[in-house]
Every structure is written in structure tokens, then in C-alpha cells.
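FYI, it's all coordinate maths here, none of it is from the lab. Being a predicted model, the structure only gives us computed values, none of them experimental. Quick reminder, even Gly has a Cβ in these numbers, built from the backbone with ideal geometry, and neighbours come from all protein chains shown.
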Amino acid sequence: MGDILAHTGGFGMGFSLGHILFNSHESTVYTLFGETSKVKPNNSPRLTVFGVSAAIALLSIPFFSGAVKNFKKAVATENEEAMAFQPYFKVESAGNGMAMSYNF
């Protein structure tokens, strides 16, 4: 869930920031009567998308910190028990050939 939120927020921030940076210049618009006027772009919707995307990306932080906490807890639990993990190799014949398996 944390990865989904982080990637979604990052994409939205990058997409809107790219539009803000590359569409920030004034453009010339021709009216019906052939007159020209300069129009400055309205970046408020893009800034709103950037803010919402940043909030979505920040929502991923608790998921990542919870995952790290659970990972450390799992490693500690695994390392405390002496008999918890005993892997072994097994070689056997399977019909026409040999088979080797790693069991855990």
C-alpha cells in the first residue's frame, strides 16, 4: 500500500510540476478581429494537483515505517528461536533422472 501511494503521489507531483515549469511563459492569442493579446497561464489547478499529490505521497510514510517495524520484529523473532529454521538438501532419484530439492 505504501508503494502504491508513494508512486501515485510522485507521479502527480512530477506531472504537475512539469506542466508548471514548461508552460509558465506568456502566450500570444489572436482574437476574432485579428488583434493580439498576451495571456499568462493559470497555474492554480496544477498547483492544486501538486499539493494533493504531495499529501498522497506523505500518506505513504506511516505504511513504510510500519513495514520496517514489522520487518525488524520478524527478524528478531526468527533469530531468537534456535529450532525455527532448519533447511536441508535432499537428493533422490525420480524415475529417469536425479532430483535435488532444498527444503525449509
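Can you run phi through the Karplus equation (6.51, -1.76, 1.60; θ = phi - 60°) for segment 18-34 and list ³J(HN,Hα) in whole Hz, with x for Gly and Pro?
Couplings: x, 5, 5, 6, 8, 10, 8, 8, 6, 10, 9, 10, 9, 7, 5, 9, x Hz.
Taking Lys72 as the anchor, which lysines have their alpha carbon closer than 29 Å to its alpha carbon, excluding any fewer than eight residues away along the same chain?
Within reach: none.
With springs only between Cα atoms under 10 Å, which of Gly51, Gly14, Gly34 fluctuates most in a Gaussian network model of the chain?
Result: Gly34 has the largest fluctuation of those listed.
Which whole-number percent is the relative contact order of the chain (Cα, under 8 Å, 6+ apart)?
Relative contact order for the chain comes out at 27 percent.
Using the beta-carbon distance between Phe63 and Asn103 and R0 = 35 Å, what value does 1/(1 + (r/R0)^6) give for FRET efficiency, to the nearest 0.05?
0.55
For the Cα atoms of the chain, what angle does the longest principal axis make with the long axis of helix 44-80, in degrees from 0 to 90, nearest 10?
It works out to around 10 degrees.
Treating cross-link reach as a plain straight distance, find the aspartates and glutamates whose alpha-carbon is under 18 Å from the alpha-carbon of Lys69, omitting any fewer than eight places away in the same chain.
Answer for Lys69, where 18 Å is the Cα cut-off: Asp3, Glu78, Glu80, listed by chain and number.
Quick check for me: using +1 on Lys/Arg Cβ and -1 on Asp/Glu Cβ, what's the dipole size of the chain about its Cα centre, in debye to the nearest 20?
Here the chain has a charge dipole of around 300 debye.
From the square roots a ≥ b ≥ c of the eigenvalues of the alpha-carbon gyration tensor of segment 2-103, which class results: rounded (a/c under 1.5), prolate (a/b over b/c), or oblate?
Cα axes put segment 2-103 in the oblate bin.
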